[in-house]
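Structure record follows, encoded as structure tokens.
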Amino acid sequence: MDSIFSGFSAALYLIVHLDRELLRIISLSLQVSGSALVIATLLGLPLAAFLGLKRFPGRGGSSTC
């Protein structure tokens, strides 16, 4: 149980003192997440528009659920 508390205190120390390595990790994480968001949006919106507006075999009836 002591190792959990020491881990939390070490993490809090790094956050409070704005550790450079921690800031680099946070920045990289935000860049990766932002890139994934942009790619998913660029691919997903046109596909969603196509699936929502076009009729094609297997789409189903005209009922809305």
222 nm mean residue ellipticity, helices alone, for the chain (DSSP H n ≥ 4; -39,500 (n - 2.57); rounded to 500): -26500 deg cm²/dmol
Averaged per residue, what accessible surface does the chain expose to a 1.4 Å probe, in Å²? 92 Å²
Solvent-accessible area of I15, probe 1.4 Å, all protein chains present, reported in Å² to the nearest ten, please. 100 Å²
Work out the length of the dipole vector of the chain about its Cα centre, built from +1 on the beta-carbon of each Lys and Arg and -1 on the beta-carbon of each Asp and Glu, and round it to the nearest 20 debye. 620 debye
Using bins 5 angstrom wide from zero, how does P(r) for the range 9-65 break down, in % of all Cα pairs? 4, 15, 13, 12, 9, 9, 8, 7, 6, 6, 7, 4
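The values are calculated or read from the model by the stated rules, or taken from the named source; none is laboratory data. Everything numeric in this text was worked out from a predicted model, so none of it was measured. Don't worry about glycine lacking a Cβ; one is built from the backbone with ideal geometry, like all the others, and counts go over all protein chains shown. Areas reflect the complete protein model, heavy atoms only, side chains present, ligands, DNA and RNA absent. Shrake-Rupley method; radii C 1.70, N 1.55, O 1.52, S 1.80 Å.
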